[in-house]
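Participant: Sending over a structure as structure tokens; questions will come in a sec.
All of the numbers you see were taken from the coordinates with simple rules; none came from a lab. Just so it is clear, the structure is predicted and the values come from calculations on it, not from any experiment. Using ideal geometry, Cβ is built from the backbone for each residue, glycine included, and neighbour counts are taken over all protein chains shown.
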Amino acid sequence: ADLQCPYCDAYSVQALPTLVQEYVRPGKLQLQFENLSFIGPDSVAAGRVAAATAVQDKLWNFVDLLYLNQGRENTGYVTSSYLERLLRAIPQLDVPAALSTSRTPSANAALAQANQVASQDGINATPSFLIGTASGPLHQFQPPSLTAAPFKAAIDRLLGCLLYTSPSPRDRQK
């Protein structure tokens, strides 16, 4: 996802809460956020701060807040005061440390790494989704909408393949 992408915002509002509630919290699904910066300078500025919040295990808090307060693409809305306001709204986040970390080479490296992985996986737009089992390859998933329903259907298909059903007593006798 790109933090400036309005479609990524739509996914985060329309589908993500349901997926977290029904699959992540019960331990059936793991989500990974790859912080891409395709759209422009605001993407890079927000991405650096997101990388810094990840160091404090607050990435998802920051991503949620940013999408809930997202401005229009490439308008310069991602200012230092805007980012600082978002950071201050995250409970137990060390804001000075996050701001400091966001200016380090490691924050830039995190963005470069995500963009490189996206390129290797053929991702050139956001939002993009890769889906698969923990032990298998990931495949691009292109949902017909950014609502929860198509994601749930794909996840349920994957989980159905993974479920182990014990043989019935009749099968054991054969």
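Participant: Subtract the Cα-Cα distance of GLN14 and GLN92 from 0.36 nm times their separation in residues, and report this length gain in nm to one decimal.
Facilitator: The span from GLN14 to GLN92 would gain 25.4 nm if fully extended.
Participant: Quick one: plug the Kirkwood hydrodynamic radius of the stretch 64-104 (C-alpha pairs) into Stokes-Einstein at 20 °C, 1.002 mPa s, and report D in µm²/s.
Facilitator: Taking Rh from Cα pairs, D becomes 194 µm²/s.
Participant: Output the 0 to 90 degree angle, nearest 10, between the alpha-carbon long axis of helix 105-120 and the longest principal axis computed from the alpha carbons of the chain.
Facilitator: 40 degrees
Participant: What Cys residues in the chain have no fellow cysteine's beta-carbon under 4.7 angstrom?
Facilitator: CYS161
Participant: Same structure, new question: Can you give the calculated 222 nm mean residue ellipticity of the chain, where each DSSP H run of n ≥ 4 adds -39,500 (n - 2.57) and the sum is split over every residue, rounded to the nearest 500 deg cm²/dmol?
Facilitator: Roughly -15500 deg cm²/dmol at 222 nm, from the helical runs in the chain.
Participant: Using the Karplus curve 6.51 cos²θ - 1.76 cosθ + 1.60 with θ = phi - 60°, what ³J(HN,Hα) values do you get for each residue of the stretch 143-150, in whole Hz, with x for Gly and Pro?
Facilitator: Whole-Hz 3J(HN,Hα) from phi for the stretch 143-150: x, x, 8, 9, 8, 5, 3, x.
Participant: Here is a follow-up. Rank TYR67, LEU138, VAL78 by how far each Cα sits towards the positive end of the charge dipole of the chain (+1 on Lys, Arg Cβ; -1 on Asp, Glu Cβ) and give me just the farthest.
Facilitator: LEU138
Participant: Continuing with the same structure: Work the Kirkwood hydrodynamic radius out for the chain: mean of 1/r over every pair of different alpha-carbon atoms, inverted, in Å.
Facilitator: Values: mean 1/r = 0.0568 Å⁻¹.
Averaging 1/r across every pair of different Cα atoms and inverting gives 17.6 Å.
Participant: For the stretch 122-136, in order, what is each residue's ³J(HN,Hα) by Karplus, 6.51 cos²θ - 1.76 cosθ + 1.60 with θ = phi - 60°, in whole Hz (x at glycine and Pro)?
Facilitator: x, 8, 9, 8, 10, x, 10, 9, 10, 9, x, 8, 4, 9, x
Participant: List residues of the stretch 62-99, by number, whose backbone nitrogen lies under 17 Å from a label position 7 Å along Cα→C-beta of LEU138.
Facilitator: The answer is none, because no backbone nitrogen lies closer than 17 Å to the label point.
Participant: While we're here: Give the long-range amide H neighbours of LEU130: residues separated by 5 or more places, or on another chain, with amide H under 5 Å away, using H modelled in the peptide plane at 1.01 Å from N.
Facilitator: Here the answer is PHE141, since their amide H atoms fall under 5 Å of that of LEU130.
Participant: Continuing with the same structure: If you add up the charges near ILE90, with Lys and Arg at +1 and Asp and Glu at -1, over every other residue whose beta carbon is less than 14 angstrom from its beta carbon, what do you get?
Facilitator: -1
Participant: Still on this model: Quick one: P(r) of the stretch 17-79 from all Cα-Cα pairs, 10 Å bins, percents rounded to integers, in order of increasing distance.
Facilitator: With 10 Å bins starting at 0, P(r) equals 20, 47, 27, 7.
Participant: Which residues among the stretch 44-79 fall inside the zone where the amide N is under 17 Å from a point 7 Å beyond the Cα of THR104, along Cα→Cβ?
Facilitator: 47-59
Participant: While we're here: Please list 3J(HN,Hα) in residue order for the stretch 26-32, calculated via the Karplus relation 6.51 cos²θ - 1.76 cosθ + 1.60 where θ = phi - 60°; whole Hz, with x for glycine and proline.
Facilitator: Along the stretch 26-32, the couplings run x, x, 8, 9, 10, 9, 10 Hz.
Participant: Measure nothing but the geometry: give the 0 to 90° angle between the long axis through the Cα atoms of 41-55 and the longest principal axis through the Cα atoms of the chain, rounded to 10°.
Facilitator: 60 degrees
Participant: Of the listed peptides 64-70, 21-27, what is their order by residue-averaged count of other C-beta atoms within 10 Å, with the highest listed first?
Facilitator: Top to bottom by mean Cβ count within 10 Å: 64-70, 21-27.
Participant: A follow-up question, please. From Cα pairs below 8 angstrom and at least 6 apart in sequence, can you work out the relative contact order of the stretch 1-96, rounded to a whole percent?
Facilitator: 34 percent
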